[in-house]
Amino acid sequence: MSILNGPPKSGGFIPRDRVWQPDALTPPYKTSVKRSPQAALLSFPTTLSEETSPVFGHSILGDLDNDLILNYAKSGESAIGPRIIVHGRVLDENGRGVPGALLEFWQANAGGRYRHKKESYQAALDPNFGGCGRTITAEDGSYEFRTIQPGPYPWPNGMNDWRPAHIHFSIFGHGFAQRLITQMYFEGDPHIKLCPIVGILKTQEAIDALTAPLDMNRTVPMDSRAFKFDIVLRGQRQTYFENRKEGL
Ligand SMILES: [Fe+2]
């Protein structure tokens, strides 16, 4: 879009509320000590390209990109684990759906193990599960993908810390200024209240915003259960970052 045509449709973005977000330095989450900024943050006005790019088209997607049950599986086979559908809407700070947003997601397998060269957990790999996928939101901001429910896993933080079952999300909205990295948890998981990463969230409301409820309306009988996860980009109704206050 030419700047001669006036301001971009997406406009500027509401500044991130840094009081509302988790603190960057949260020592019970050990790695936040080294990852958090050591100096005061600098603030810059957003640029046109940050407000209007990137733009993704459906042509970048493969047929099975939104199906983690099949996208790494051998022909005729499928991933092991509870079959689920994850769906919801990506909304902006005013409650409007965000169409064309690229969602990328990655997760451990049903045993809690990632397919990654630095993974050290002894749980078995599933030869038919890769653990990554992506999709693009529809006109109303809605999205869905199919996967297996990941398992909880231990991690080196305290003496005996376990992550709740979770799915990692990266979301590109209408511009880089809306970029969001977050995690989705599952309703009813007893590990949620024990997790040091969840513990950096300041309110129960924040935890609830990251916890997807079972959605029986979207289940497929005799096939898959469904969980609903809405994501809000920027502004007062924003979904929470995992642990960091980021620039922009
Ligand atoms: Fe994880």
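No lab work stands behind these numbers, since they all come straight from the coordinates. All values derive from a computational prediction rather than experimental measurement. Ideal geometry is used to build each Cβ from the backbone, glycine not excepted, and the neighbour counts take in all protein chains shown.
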*Once amide H atoms are built 1.01 Å from N in the peptide plane, which residues 5 or more positions from SER53, or in another chain, come under 5 Å H to H?*
PHE176
*Work out the charge dipole of region 26-167 with +1 on the Cβ of Lys and Arg and -1 on the Cβ of Asp and Glu about the Cα centre, then indicate which of SER78, HIS116, PRO28 is farthest towards its positive end.*
PRO28
*Using the scaling law 2.2 N^0.38 Å as the reference, what is the normalised Cα Rg of region 52-207?*
1.09
*Scan around TYR72 for amide H atoms under 5 Å from its own, H built in the peptide plane at 1.01 Å from N, and keep only partners 5 or more places away or cross-chain.*
GLY130
*asked:* Please report Rg (one decimal) and Dmax (integer) in Å for the Cα set of region 102-194.
replied: 14.7, 47
_Extended-chain gain in nm, criterion 0.36 nm per residue less alpha-carbon gap, GLN122 and THR203_ = 25.8 nm
*Value of relative contact order over region 12-127, rounded to a whole percent, pairs C-alpha under 8 Å and six or more apart*: 16
_Distance from region 105-173 to region 50-87 (C-alpha centre basis), Å_ = 13
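For ILE181, ILE136, what ranking results if the residue with the fewest other Cβ atoms within 10 Å of its Cβ goes first? It would help to have the intermediate numbers written out before the result.
Details: ILE181 14, ILE136 20.
Ranked by crowding around the Cβ, least crowded first: ILE181, ILE136.
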*Would you compute, from DSSP H runs of 4+ residues alone, the mean residue ellipticity of the chain at 222 nm, taking -39500 (n - 2.57) per run and dividing by the full residue count, rounded to the nearest 500?*
-1500 deg cm²/dmol
*Fully extended, how many nm does the chain gain between CYS132 and MET216 (0.36 nm per residue separation, minus their Cα-Cα distance)?*
27.8 nm
*If you bin the C-alpha pair distances of region 25-70 every 10 Å from 0, what whole percents do you get?*
18, 19, 20, 37, 6
*Vicinal HN-Hα couplings computed from phi for region 92-104 (Karplus, 6.51 cos²θ - 1.76 cosθ + 1.60; Hz; Gly/Pro x)*: 8, 5, 9, x, 8, x, 9, x, x, 7, 7, 10, 10
